[in-house]
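S.K.: Structure provided below as C-alpha cells; questions to follow.
FYI, it's all coordinate maths here, none of it is from the lab. From a predicted model like this one, the values you see are computed outputs, not experimental measurements. Every residue, glycine among them, receives a Cβ derived from its backbone with ideal geometry; neighbour counts consider all protein chains shown.
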Amino acid sequence: MVRFIFIIYLVLIKQSIGEEVLFENFIKNPEKKWEFISDQVMGGESDGKVEFIKEDDKSFARMTGIVSLENNGGFIQIRKKIDYSLSKNSKAIKIEVRGNNQEYFVHIRTSGTILPWQYYQAPFLATNAWETQNINLNEFKRSGIMLAKNINPKNIKSIAIVAYGKEYEAVVEVNNIIIY
C-alpha cells in the first residue's frame, strides 16, 4: 500500500511540475546545430557573429554585433531548428542569459510561418549577470495577422535568439534552453 501511494505521489508531482525537455546546452557540437543570420540576407547592414564558449564549467553561445536600421534592416540572430515534435502540453521556454543590459527576443517559427519574415516573438532582458528567464508560449506575439494567434507547441520548427528593432551593439550570451 505504501508503494502504491508513493507511485501515485510521483505521478501527481510529475503532472504538476511538468516535463522539461533540454533544447540546447551548448556542449555537443553547437556550431553544427546553430546558424547565424543577419538582415544582410535581405539587403540590410547589420553584422555580427556567434561564438561557442566554455567558461567556468559553463558552455554557452555568445552573439555579438551591430544592429543597423539602414536599408530596411534591423536584426541579427542565431537559430536552431527542431527536428522532433514537442509535447502538445509544452507551455514555456526557460533560458539562462547574460548580456549588456539590453532587450533581446526569442523568435519561434512554426509550420505555419511560411514566409521568411513571419515569426512569433517574446522579449527578455539580458543583464550583466546570468539570470534565468521563463517565457510562457502565450506571451509570444505573432508578426502578422496571417498567423494563428496561439502557438501550437507540436508545430514549432525553430527557436532563435534575436537582437532586433533598434540600432545598438548586441552582446547576448545564452546557456541552457529548456522547453517545459
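S.K.: Given the rule -39500 (n - 2.57) for each run of at least 4 DSSP H residues, summed and divided by the residues of the chain, what is its mean residue ellipticity at 222 nm, to the nearest 500 deg cm²/dmol? Each step should come with its number before you reach the end.
M.R.: Numbers: 2 runs with 20 residues, N = 180.
Mean residue ellipticity, 222 nm, calculated: -3500 deg cm²/dmol.
S.K.: Tell me which chymotrypsin sites (Phe, Trp or Tyr not before Pro) from segment 100-129 have a DSSP coil assignment and no more than 12 other beta carbons within 10 Å of their own.
M.R.: On the way: sites: Y104, F105, W117, Y119, Y120, F124; in loops: W117, Y119.
Passing sites in segment 100-129 are W117.
S.K.: My understanding is that a pair violates if its Cα-Cα distance is over 28 Å; which of K32/K149; K32/K157; K58/K154; K28/K149; K54/K88; K49/K166 do that in this structure? Please report the intermediate quantities before stating the final value.
M.R.: Numbers: K32/K149 32 Å; K32/K157 17 Å; K58/K154 30 Å; K28/K149 35 Å; K54/K88 33 Å; K49/K166 18 Å.
Result: K32/K149; K58/K154; K28/K149; K54/K88 exceed 28 Å.
S.K.: Using the eigenvalues of the Cα gyration tensor, what equivalent ellipsoid semi-axes result for segment 19-179 when each is taken as the square root of five times the eigenvalue, whole Å, largest first?
M.R.: Details: eigenvalues 95, 87, 40 Å².
Semi-axes (√(5λ), whole Å): 22, 21, 14.
S.K.: Please tell me the relative contact order of segment 43-180 in percent, rounded to the nearest whole number, where contacts are Cα pairs under 8 Å and at least six residues apart. Walk me through the intermediate numbers first.
M.R.: Details: 338 pairs, mean separation 50.6, N = 138.
Relative contact order comes out at 37 percent.
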